[in-house]
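The structure under discussion appears below in the form of structure tokens.
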Amino acid sequence: MTTASHATSDFTFRPRGPRILAVVLMILAGVGVVSILATSSLHSWPACLPMILVGYAAWLMFWMPRVDVHEAGVTLVNPLQTLLVSWSSIIMVDTKYAMTLVTPHRRYSAWAAPAPGVISALRDARSSAKSERRDTSGARYASVRPGDQRSSDSGVVASVVRTRLEHLAEAGALDIEATENAKAVRSIHWFHLGVLLVLVVLSLTIPAVLI
């Protein structure tokens, strides 16, 4: 849950659901590799390549991604690249499809903080409707985008980033003049991309050649 301390303290978000999925897939891949090697000769190792590919892809796509909120800005660790977006370059935080940092030139989405799916959005909407019916103050409620719901990954991260932005703006710590020219620092995960491509190629070619 977002608290006032997030206005000044560092914050790291790792999605729980995808990480659980990653662990399950990696365990299944490991069991598959062990089963193949245990029930066949060592010459059957090429049959393990698809399992290794699944395990590596699960780690890359579901375990590794995260969002770091810190003094220098917001770091988005996505499967194939890491982006450092400075505070001065952020003009809006969107949550339509995922927590997205909008700058004057580009939009940068966080793989680790997607907006909720249809089912989750409907569940949150029903919960909000029940709360509204219980309220007797006569106050009218403004509609909230599903991605902004505090129960969603995108909503949690967006709330922290917006709180930090507001704090920096109130403190006069944002360099508004640098906003137009500020650019995100991009680091491509060449090693991970190379390993992934090698595993894909080997999984498609070596087993077929040995058949």
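Contact map, region 94-115: residues that are in contact (Cβ under 8 Å) with a residue 24 or more places away in the chain and farther than 18 Å from Leu174 by Cβ paired with residues that are open to solvent by 10 Å² or more (accessible area, probe 1.4 Å) and of a type in the set (Phe, Trp, Tyr), Cβ distance under 6 Å, separation 6+ or inter-chain. Pairs shown: Ala115/Tyr97. Note on region 43-65: residues that are in contact with a Ser or Thr (Cβ under 6 Å, 6 or more places away or on another chain) and either open to solvent by less than 30 Å² (accessible area, probe 1.4 Å) or modelled with pLDDT of 95 or more (or both) total 2. Taking the residues in region 164-184 that are in a loop (DSSP other than H, G, I, E, B) and touching a residue at least 60 places away in the same chain (Cβ under 8 Å) as candidates, determine which candidate is farthest from His70 (Cα to Cα). Looking at the filtered set, the residue picked out is Glu180.
The set of residues in region 185-211 being touching a residue at least 24 places away in the same chain (Cβ under 8 Å) and not in a helix (DSSP H, G or I) consists of Val185, Arg186, Ser187, Ile188, His189. Selection over region 66-98 of residues that are more than 21 Å from Val156 (Cβ to Cβ) and open to solvent by less than 10 Å² (accessible area, probe 1.4 Å) gives a count of 1.
In region 99-130, which residues are open to solvent by 60 Å² or more (accessible area, probe 1.4 Å), modelled with pLDDT of 50 or more and β-branched (Val, Ile, Thr)? Matches in region 99-130: none.
The values are calculated or read from the model by the stated rules, or taken from the named source; none is laboratory data. Source: prediction; values computed, not measured. Cβ sites come from the backbone with ideal geometry, for glycine too, and all protein chains shown count toward neighbours. Note: accessible area is taken over every heavy atom of the protein model, side chains too, but ligands, DNA and RNA are not part of it. Shrake-Rupley method; radii C 1.70, N 1.55, O 1.52, S 1.80 Å.
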